[in-house]
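Presented below is the structure to which this report refers.
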Amino acid sequence: MSKPYYMIINGEDVGKDLPVIEVSNPATEEIFATVPKGGAKEAVEAVDAAYEAYGKWSALSAYERSERIQDWYILIKEHTEDLAKTMTEEQGKPLAEARGEINYANGFISWYAEEGKRIYGEIIPATQQNKRLFVHKQPVGVVAVITPWNFPAAMITRKVGPALAAGCTVVIKPAGQTPLTAIKLVQLAKEAGIPSGVVNVVTGDSKAIGNAWLEDTRVRKLTFTGSTEVGKLLMKSAADTVKKVSLELGGHAPSIIMEDCNLEKAAESVLAAKFRNAGQTCVCINRVYVQESIADEFTELLLKKAKQLKIGNGLEEGVTIGPLIDDSAVRKALEHVEDAVSKGAEVKLGGKRKEGLFFEPTILTNVTDDMQCMQEETFGPVIPISTFKDEEEAVRRANDSIYGLAAYVFTENISRGIRITEKLEYGIIGLNDGLPSTPQAPFGGFKQSGLGREGGHHGMDEYLEIKYISLGL
Ligand code: ADP
């Protein structure tokens, strides 16, 4: 029996009479829950509620909002285990990773609950004695939040945390594959005393919901994480009502392994940055460039570590690689491996799909830039390794992409490290660090990887309007 979940609009469960979307567990492919198949009608109702709630919520002091948001943080913390289990069931990532994501996601809630108290204005010196120039910062208004399935909690909190702290109200559409974590988070917001209508969640037909929000002049901002393709589409539609837009899109992260790196650290970081979430993160290392002189040694070390990974249902103890999200994800990983092999790559590990939606952790060598895996995001557990001669070549090949989200560099030579990071056209750089994301730092991409930043005080600015007041005395 699958369990029904509902949308939450204006504090009420909505959609009991609607057709449903089935939610399945990618590890077993069993359907275990349903959510309502909402559309434009529910999307507009959610905006009605968020618009209505905006007046009161934005009028509270930052300190009052902070208290409510902190209460939400406490409830999420108390419900970590349940949220993590739900996440593993709908998304597939190992339970330990799901717990990690809840903690990470909750970090945005607590950090922004505090940061909301530090939204400062400015006083600018005037040219005339009889004038005073003030700059205020105010919330943008109702925010539409559209999120993907790979981080069902964190992609929501890093948008909703700053939005609420700034005084905005939100309408959320989670990915169809992972709506349950989102619904549970919004239920907890309600229990925390965040007023009805401030946080709403709508499930269903993504196009109909998205279009309704983009057409609505009351929605002042769109924040989206997902594919570059859909991001471009939404950005075009947002132009009609000139909404503010933040986009966190695809990546194609290179990792440059210099001969003077700490090999152990580099291999461990590549392993963590690639196989986390079975390779389904936008900052996942997607291309490994290793300096010729250490290529064999590095590959051997990586192989040794990768062989210890355990593939299986994320709810089982000790599993480190779960299933991919769906069949097309598995097919894409396979296609990338087959394409690479047909062009001369060597499979050092894995390379095959397993029963169900599982794909073996894979390491490829003899990889060249004409292979698909070096051109686009695999979003699966595949590490292509290519060699380079010198720093100049590594940087040039790393930058040769339409994407610019994350890049990684491993070297123990600090001057070289700084030199390379300065040349890389990427928004996030892990210098001897495979996991750079953290709530207090700015996350976002150059080029076609997106617009705007999430996290840190930069992430707060995305939800604020600047108001300039010129006072004539
Ligand atoms: P992914 O490849 O991560 O699934 P998508 O860009 O397809 O990325 O989806 C990210 C989010 O955008 C999901 O919530 C999805 O339902 C939503 N989405 C997809 N297409 C549209 C659309 N045309 N309008 C609005 N939202 C969309």
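Since every read-out is calculated from the coordinates, none of them should be taken as a lab result. Please read these numbers as outputs of a predicted model, since none were measured by experiment. Cβ sites come from the backbone with ideal geometry, for glycine too, and all protein chains shown count toward neighbours.
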* Asked: Relative to the longest principal axis of the chain, what angle (0 to 90°, nearest 10) does the C-alpha long axis of helix 327-342 take?
  -> 30
* Pairing the Cα long axis of helix 414-423 with the longest principal axis of the chain, what angle in degrees results, from 0 to 90 and rounded to the nearest 10? -> 60
* **Length added when fully stretched, residue 215-residue 64, from 0.36 nm per residue minus Cα-Cα** => 51.2 nm
* Based on the Cβ-Cβ distance of residue 435 and residue 402, what FRET efficiency does E = 1/(1 + (r/R0)^6) give at R0 = 25 Å, to the nearest 0.05? -> 0.50
* Which loop trypsin sites (Lys or Arg not before Pro) in the range 387-428, with loop taken from DSSP, have no more than 16 other Cβ atoms within 10 angstrom of their Cβ? -> 389
* Restricting things to alpha carbons, tell me how big the chain is in terms of Rg and Dmax, in Å. => 23.0, 77
* Please report 133, 451, 471 as a ranked list, fewest other C-beta atoms within 10 angstrom at the top and most at the bottom. => 471, 133, 451
* Just going by the charge dipole of the chain, with Lys and Arg at +1 and Asp and Glu at -1 on Cβ, which of 226, 279, 195 is farthest out on the positive end? -> 195
* To do: Over 19 Å between C-alpha atoms is what I'm after, so list which of 37/159; 117/184; 190/243; 332/352; 56/117; 93/232 land there.
  => 37/159; 117/184; 190/243; 93/232
* Asked: In the chain, with Lys and Arg counted as +1 and Asp and Glu as -1 at Cβ, which of these residues, 293, 179, 318, has the Cα nearest the positive end of the dipole, that is, farthest along it?
  -> 179
* Asked: By how many degrees, between 0 and 90 and to the nearest 10, does the Cα long axis of helix 295-306 differ from the longest principal axis of the chain?
  -> 60
* Structure fact -> Expected sort for 60-70, 109-119 on mean C-beta neighbours within 10 Å, highest first, is 109-119, 60-70
